[in-house]
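Undergrad: Here you go, one structure.
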Amino acid sequence: MEKICIDEKWTFRRNFVDSLGMLDEDPGEVVNLPHDGMIGTKVSPDAPARSDSGYFVGGLSNYTKMVFIPEDWKDECVGLMIDGAMMNVSIDVNGCKVGSQHYGYAPFYVDLTDYVTFGKENRITINCNTTMYVNSRWYTGSGLYRGVKICHGPRVHVPENGVFICTKEVDGNRAYLEAVIEVANRTLENRLCEVNVSVFDEEDGKEKKKTKSVIQVNSGKTDTARISFILQDPKLWDAENPNLYKVKVSVKSLGIYRTHFIPEENLKADETETLFGVRTITADAERGLRINGKEVKLKGGCLHHDNGLLGAVSLYEAEERKIKKLKESGFNAVRTAHNPPSAAFIEACDRLGMYVFDEAFDAWGMAKRGGDYSQFFASDWEKDLTAFVKRDRNHPSVILWSTGNEIPERGGLDNGYTLAKELSDKIREIDATRPISNGICSYWGGLDDDLMKGQSQNQNSSEGLISTSWETMSEPFTNGLDIVGYNYMEGLYERDHEMFPDRVILGSENFPREIGFRWPLVERLPYVIGEFTWTAWDYIGEAGIGKAEYVDENDPKAKSGGWYLMPPASSPYPWRLANDADYDITGFMLPQGAYRSVVWGSDKTYVYSMHPDTFGKVEMMTPWGFTEVRKNWNYEGYENRNIKIVVFSKAEEVEVLVNGKSLGRKKVSFEKPLPNSVSFETEYVPGKVEAISYEKGSEVSRDEIVTTKVPHSLRLIPEKKEMKADGHSLIYVGVEVIDEDGNVVPDAKISLKAELASKDKGTTIAGFGSANPVTEDNYTDGDTTSFRGRATVIIRSGYENEIVTLKISANGLNSIEEDFKIGNI
């Protein structure tokens, strides 16, 4: 079916269930989709979800649009394709309810054929409801945050996501493929249908293969054409070589019987196309994970679905930017925690080369929060899982399915063992080409507490787990899994291998600070195929999960091991961000990310300082935190106070110089708690700190931090100067507070204002803010305060060509401007 984007100019209203009769009461505002109805609202200390949602409050979001349905579609099928809408959605056309959807992350299709009026404008109304208490453990956003397409095609057509191209085998210069094509017949007669398949190289556009088949599809039914074919000299897809193909499928109805063919001039073919890649996947305990026959260790990171300053809005360029930056620091895999991602995200992973651990659910039938998916699981899981897998099964980046994360049923409660097998079986029915996993954690809830009596085990940890009760109780749950995900249980890898020598293990969630001594274990054990840090990119919600605090050694808190810092009670308003990631929400790499890149092999040196106030104190940190080191040597008022300097390096030794005076050379530690690091203690003196790494006596690399002068001016760092006038394109502009020498002032807290001079053609500031994890900022109002000397503006294009001028003003500093072109590029 033809898919037409209808994201332009919807009327948006808050706190309405329906739009009929509302025009006088609330004219609404015109917005372009994708749109998050929550991100522009005020945060509140009384938010029902508290720190879970970053103190954002849910509500009702209403969208309406008049859509013209052409007269010449009257003999066709018409529908809406929605990639995800948050949540509890109802869809009306011309006042009639035509569909609904509970799960906010699953794609879904709504048939409008019997409700639209052809040749006229039709009123489409979509209501989204996030008022249910409490629907998630993180920021969800609200509304049509992934956009809407209208679809139309002949009564005999390929239904949405009805094409599957799978690689059966690659042998030398041949790839043996199979096309599985669903054909729906919505006529009143049985039909013979010709299914044509053409394969094109995505890079050069040349046709590489053409084949066809004829099948019968009876009235009101959907049947399947299975066409095996050989692709000569295939370009294989992997993370280093993301080669893609495009398959175009056409289906035309030939006739009712072999002797009753439809005249050629009356044939109307349905056409559809999709990307795919040629690659194979295997996993076993001896050879590990193999992509195209080559062993791969997954250097992974977990990602929530939001895009920081944009809220839940998913646009291709936002997802692409995120994946590019992760690849630059060494990641080759991401986990979609804990729900289906957007189609835009998966496409970015395909095109850039990033392996995806694709996850379906965070809850099954047992709730984690009062209003979560558990209330719909029994009735909806099969529908939602099917839609998710069908959408993503052609994408070569998706190498692993996950049926869930830390599911309370993992110990057998609520028929959990049977449910686990049913979900896995359903995935294999749709796609048998990829392994299936589940992120399983320790037992810490409900009746599972009885299993842990006397073992003193912490949540999400293998610490204190002496008996084999975890293995015994989880074994039936792993039935049906090809790869068993271990959340925070690296301590069980080797013991469990002895118990289950053929089990393939994946570190599906891991504490970020432990990568230095955990990764060598992953490399050493062939049956452990990788690890996924929590998290690769900071996100809204689960606020403060990675925060740290420094206390005197006699403080009672010092005996808690950091667990007292856990949200929600310990992340008071206005905590907003998780604060646990390698990258902040603006895309700036944090010290945690630098450390990971060194562990994974980077030769770079990274030097940081710790605030003098922390010297000699006990570091209190949640397990998801990272030591509070900063790229900062501005500590006015702390002259001659003790201070610690921390260097990350994989070299043999490191020398540190302060204002040219050496503090000596030290061997780099490769022991716990922080391998690949070395620290120096000195007294704070303003100036310059240099760190030099040496290998066999020769310099490998160096880094420095300097004391800056006072804020002098602003600097804009646009990532590009032009973008398409398609309503979906973005330009990210870094804003830096600099001194007179051009250095970023790392402790600058300057009030900033962003304004966009345009011709009212739809180009907007989609987000403006900083990476400050504790803030009341509204990312949509044009005001913020720099955090560590930085902020970011995101400009989103309209649908018309124009030149816009971005102006950033600052208290006490001169304003700065930059022009950007929106048009055909």
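Taken together, the values in this text are just the output of simple stated rules run on the coordinates, not laboratory data. Since we're looking at a predicted model, the values are computed, not measured. Using ideal geometry, Cβ is built from the backbone for each residue, glycine included, and neighbour counts are taken over all protein chains shown.
Undergrad: Per-residue counts of other Cβ atoms within 10 Å, averaged by peptide: what ranking do you get for 333-339, 483-489, 796-802, 704-710, highest first?
TA: Working: 333-339: 26.0, 483-489: 23.6, 796-802: 19.7, 704-710: 17.4.
Sorting 333-339, 483-489, 796-802, 704-710 by mean packing, highest first, produces 333-339, 483-489, 796-802, 704-710.
Undergrad: What's the exposure ranking of M473, M1, M723, going from fewest to most Cβ atoms within 10 Å?
TA: On the way: M473 16, M1 24, M723 20.
Going from least to most buried by this count: M473, M723, M1.
Undergrad: Which length gain, in nm to one decimal place, applies between E636 and N241 when the Cα-Cα distance is subtracted from 0.36 nm times their residue separation? Let's see the in-between values first.
TA: Details: separation 395, 0.36 × 395 = 142.20 nm, distance 4.97 nm.
Working it through step by step, the gained length comes to 137.2 nm.
Undergrad: Could you work out how much longer the chain between E203 and A757 gets when fully extended? Use 0.36 nm per residue separation minus the Cα distance between them, nm to one decimal.
TA: On the way: separation 554, 0.36 × 554 = 199.44 nm, distance 3.80 nm.
Taking E203 through A757 to full extension adds about 195.6 nm, to one decimal.
Undergrad: Which residues' amide hydrogens lie under 5 Å from the amide hydrogen of I407, considering only partners 5 or more residues apart or on another chain, with H built in the peptide plane?
TA: C441
Undergrad: Which aspartates and glutamates have a Cα less than 20 Å from the Cα of K221, not counting those fewer than 8 places away in the same chain?
TA: Within reach: D75, E76, D111, D114, E160, E182, E189, E194, D270, E271, E382, E429.
Undergrad: Assuming R0 = 60 Å, what is the FRET efficiency of S467 and E189, from their Cβ-Cβ distance, to the nearest 0.05? Mind dumping the intermediate values first?
TA: Values: r = 66 Å, r/R0 = 1.09.
The computed FRET efficiency comes out at 0.35.
Undergrad: For every helix of n ≥ 4 consecutive DSSP H residues, a contribution of -39,500 (n - 2.57) applies; sum these over the chain, divide by its total residues, and give [θ] at 222 nm rounded to the nearest 500 deg cm²/dmol.
TA: On the way: 8 runs with 89 residues, N = 825.
Computed mean residue ellipticity for the chain: -3500 deg cm²/dmol.
Undergrad: Which FRET efficiency value, to the nearest 0.05, is calculated for E429 and S379 with the Förster distance at 22 angstrom and r the Cβ-Cβ distance? List each step's numbers first, then the result.
TA: Values: r = 19 Å, r/R0 = 0.86.
That gives a FRET efficiency of 0.70.
Undergrad: Mind giving me the FRET efficiency for L663 and R715? R0 is 45 Å, r the Cβ-Cβ distance, nearest 0.05 is fine. Please list the in-between numbers first.
TA: On the way: r = 32 Å, r/R0 = 0.71.
So, using R0 = 45 Å, E works out to roughly 0.90.
Undergrad: Of Y539, H152, M38, which is farthest on the positive side of the dipole of the chain, counting Cα position, with +1 on Lys and Arg Cβ, -1 on Asp and Glu Cβ, and the Cα centre as origin?
TA: It is H152, whose Cα lies furthest towards the positive end.
Undergrad: Compute the Cα gyration tensor for the stretch 49-208, then decide on rounded, prolate or oblate, letting a ≥ b ≥ c be the square roots of its eigenvalues: rounded whenever a/c is under 1.5, prolate when a/b is larger than b/c in the other cases, and oblate in all that remain. Show your work: numbers first, answer last.
TA: Numbers: a/c = 2.67, a/b = 1.33, b/c = 2.00.
Oblate, since a/c reaches 1.5 and b/c is not below a/b.
Undergrad: Calculate, in nm to one decimal, what Q216 and E29 gain on full extension: separation in residues at 0.36 nm each, minus their alpha carbon distance. Before the final figure, lay out each step's value.
TA: Numbers: separation 187, 0.36 × 187 = 67.32 nm, distance 4.92 nm.
Using 0.36 nm per residue and subtracting the Cα-Cα distance, I get 62.4 nm.
Undergrad: Counting Lys and Arg as +1 and Asp and Glu as -1, what is the net charge of the other residues whose Cβ lies under 9 Å from the Cβ of G480? Walk me through the numbers before you get to the answer.
TA: On the way: positive: K421, R428; negative: E422, D425, D482.
So the surrounding residues net to -1.
Undergrad: Over the stretch 537-581, calculate the relative contact order: mean separation of alpha carbon pairs under 8 Å at least 6 apart, over the residue count, as a percent.
TA: On the way: 57 pairs, mean separation 29.7, N = 45.
Relative contact order, the stretch 537-581: 66 percent.
Undergrad: Now for a separate question. Below 8 Å between Cα atoms, with a sequence gap of 6+, how large is the relative contact order for the chain in percent? Mind dumping the intermediate values first?
TA: Working: 2234 pairs, mean separation 77.3, N = 825.
Computed over the chain, the figure is 9 percent.
Undergrad: With only Lys, Arg, Asp and Glu charged, each at its Cβ (+1 for the first two, -1 for the last two), find how big the charge dipole of the chain is about the Cα centre; round to the nearest 20 debye. Mind dumping the intermediate values first?
TA: On the way: 96 positive and 127 negative charges, 185 e Å.
Dipole of the chain, to the nearest 20 debye: 880 debye.
Undergrad: Ranking request for peptides 512-519, 685-692, 436-443: highest mean number of other beta-carbon atoms within 10 Å first, then the rest in descending order.
TA: Details: 512-519: 21.1, 685-692: 18.9, 436-443: 25.5.
Descending packing order for the listed peptides: 436-443, 512-519, 685-692.
Undergrad: Once amide H atoms are built 1.01 Å from N in the peptide plane, which residues 5 or more positions from V398, or in another chain, come under 5 Å H to H?
TA: When sequence neighbours closer than 5 places are left aside, the close amide H contacts are V356.
Undergrad: Place +1 on the Cβ of every Lys and Arg and -1 on the Cβ of every Asp and Glu in the stretch 163-276, take the dipole about the Cα centre, and give the residue among N190, I230, T167 whose Cα lies farthest towards its positive end.
TA: N190
Undergrad: Next question, about the same structure. Hey, got a sec? Which GluC sites (Glu not before Pro) in the stretch 1-92 land in a DSSP loop and have at most 12 other Cβ atoms within 10 Å?
TA: E25
Undergrad: Let me ask something additional. Please compare each pair in K325/K753; K299/K666; K74/K761; K299/K426; K547/K672 to a cut-off of 24 Å on the Cα-Cα distance and tell me which ones are over it.
TA: On the way: K325/K753 27 Å; K299/K666 29 Å; K74/K761 34 Å; K299/K426 28 Å; K547/K672 21 Å.
In this structure, K325/K753; K299/K666; K74/K761; K299/K426 lie more than 24 Å apart at Cα.
Undergrad: Let me ask something additional. Over 32 Å between Cα atoms, which of K3/K721; K97/K821; K235/K631; K235/K322 qualify? Write down the numbers at each step before the final one.
TA: Numbers: K3/K721 30 Å; K97/K821 42 Å; K235/K631 43 Å; K235/K322 26 Å.
In this structure, K97/K821; K235/K631 lie more than 32 Å apart at Cα.
Undergrad: Rank these for me by crowding, D92, D726, D83, going from fewest to most other beta carbons within 10 Å. Walk me through the numbers on the way to the answer.
TA: Working: D92 19, D726 14, D83 22.
Listing D92, D726, D83 from fewest to most nearby Cβ atoms yields D726, D92, D83.
Undergrad: Could you please rank K667, K327, placing first whichever residue has the fewest other Cβ atoms within 10 Å of its Cβ? The partial results should precede the final answer.
TA: Numbers: K667 10, K327 16.
Listed from fewest to most nearby Cβ atoms, that is K667, K327.
Undergrad: Sticking with this one: Sorted by average packing, counted as other Cβ atoms within 10 angstrom per residue and highest first, what order do 181-188, 402-409 take? All intermediate terms of the calculation are to be shown ahead of the outcome.
TA: Details: 181-188: 20.0, 402-409: 24.1.
So the peptides 181-188, 402-409, ranked by packing, come out 402-409, 181-188.
Undergrad: While we're here: Looking at the square roots a ≥ b ≥ c of the eigenvalues of the Cα gyration tensor of the chain, which shape do they give, rounded for a/c under 1.5, prolate if a/b is larger than b/c, or oblate? If you can, show how the numbers build up before the last one.
TA: Numbers: a/c = 1.73, a/b = 1.38, b/c = 1.25.
In terms of gyration-tensor shape, prolate.
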